[in-house]
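Reading through the structure tokens given below for one structure.
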């Protein structure tokens, strides 16, 4: 059977249903601007899925980390073995006793499902099904999954995603728990089923009148999301860290927001949370090296940033602040920090990775040490996380200054992952 065309003409649900009803064996290839995904079928049941652009959250090691099946130390040891032997990560984890066969089987199923469910949201793309006599898959660890159950879950997601995305439109936003969230408890299994059946169309659920004393029941997913709200994590950060899938995590955000259990963080709360992250990192001093050639290339950009900065009291376009003199040095520090951030991004594009410390910028000749210090000769603090970076400066008395904090989310996608710090996950 040769089956190919575009998703505009033939939906993914129709394709799955046809393959399932006819109990076909082969590989379905889905292509879009976002990714290329292959899904393996055996007698109409799904036995595997793979992605060309292996997103970090889709990789087996990350799935195991989020489900707490293994520790990061165990994963790093397994990856070290994999780099030497080129064996599959799952086989290494089993033979070295890092996890049980049941845990690995569950993680593989979750990995397959989250890849498939993401394709259900594609608005456009091409498909091609190549029928085969048999397909290769790990028969000891993967149980064939009926397409009917996957189609039902996919249809539910398609119905509810637009409602969720309308409420949680900004995935870079940071949310924090409200006072009412101090009194939540995880509902029992029976009660959780009632909460899960919450209708999106209804009005926001009212909180108890005595919210200060009443107990509010939440589902395990909602409780898990509340625990991940550090004040610095964006919605995308929480989705990546969550042991549940993207859809369930975003739905929990929707319900928590609708029930008044979370709200968007204020600017001051964001600054305080980012400073707390920064202060956990040690300050590293740079070394003086030769001519910082990248600075010469970026000099016009740095000069323009200084002139056009809204914090610059000498900016004749925006106009001076009411009291310019007290802000002059602080503004100079802020603009210098933006220059360092631009250099960090440029280094990532040139070398393929973000530096682990600011000292590397001087060691590799990108910037001089003086530009990595504020006007009071105090070193800037820099933290590189898997999907974001933070740069912060102190005030004149070596006290953290909430106004001198820059946090940027690194762009998502396979091209960005190569430039982000984190565990190198080689296997699917």
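Any read-out appearing in this document is the output of simple, stated calculations on the displayed coordinates, not a laboratory observation. Because the structure is a prediction, the values reported are computed rather than measured. Note: ideal-geometry Cβ built from the backbone for every residue, glycine included; neighbour counts use all protein chains shown.
Taking other Cβ atoms within 10 Å as a rough exposure proxy, 234, 249 sort from fewest to most as 234, 249.
Summarising the label geometry, the points placed 7 Å from Cα in the beta-carbon direction at residue 32 and residue 109 lie 2.6 nm from one another. Taking packing as the residue-averaged number of other Cβ atoms within 10 angstrom, the listed peptides 93-99, 238-244, 367-373 run from highest to lowest as 238-244, 367-373, 93-99.
Each peptide in 169-178, 221-230 receives the mean, over its residues, of other Cβ atoms within 10 Å, and ordering these scores from highest gives 221-230, 169-178.
Computed on the stretch 2-158, the Cα convex hull volume stands at 115 Å³ per residue.
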